[in-house]
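The values are calculated or read from the model by the stated rules, or taken from the named source; none is laboratory data. In this text, all values refer to a predicted model and were calculated from it rather than measured experimentally. Cβ: placed from backbone, ideal geometry, glycine included. Neighbour counts: every protein chain shown.
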Amino acid sequence: MVKPVLDNILIKPFESDNVSEGGILVPNSFLTRNNKATVVAVGNGTKAKPMQFKPGDIVYNIKDAGDEIIIEGEKHYLIKDSYVLALN
């Protein structure tokens with residue numbers, strides 16, 4: 001498993017819904033990454049700023065922030081803890 005360092009967080013975004021609010025089916029090529037995600041792993045934080053998130057937390061992050069990595073065939077993202085906007 002990937003272990004983030006310092007103030008980095010490994011997240012797995014929720015799947016985007018492929019049906020619009022009006023009931024129109026949206027093709028996969030037009031789907032954007034969901035900004036709601038599950039925290040998979042966290043770094044230890046820094047001396048000045050300890051890590052405040054833990055694995056299993058549901059977070060809302062800045063859309064399209066971080067670097068994509070593939071783990072066991074699934075998309076995950078490494079983001080800075082400052083990219084998290086809210087906890088659910």
Counting only residues that are polar (S, T, N, Q) and surrounded by 11 or more Cβ atoms within 10 Å (Cβ to Cβ), which one in the stretch 23-76 is nearest to VAL5 (Cα to Cα)? ASN44
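Quick grid of which residues meet (1) over 9 Å from the mean Cα position of the chain (by Cα); (2) in a strand (DSSP E or B):
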| residue | (1), (2) |
| --- | --- |
| ASN34 | no, no |
| THR38 | no, yes |
| ALA41 | yes, yes |
| LYS54 | yes, no |
| VAL59 | no, yes |
| ALA65 | no, no |
| HIS76 | no, yes |
| ILE79 | no, yes |
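Would you confirm, using the coordinates I've provided, whether ALA48 is of a type in the set (Gly, Ala, Ser), touching a Lys or Arg at 6+ places or on another chain (Cβ under 9 Å) and either modelled with pLDDT of 85 or more or in a strand (DSSP E or B) (or both)? Break it down stepwise before answering.
Numbers: of a type in the set (Gly, Ala, Ser): yes; touching a Lys or Arg at 6+ places or on another chain (Cβ under 9 Å): no; either modelled with pLDDT of 85 or more or in a strand (DSSP E or B) (or both): yes.
No.
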Give the number of residues within the stretch 42-68 that are under 17 Å from PHE14 (Cβ atoms) and of a type outside the set (S, T, N, Q). 13
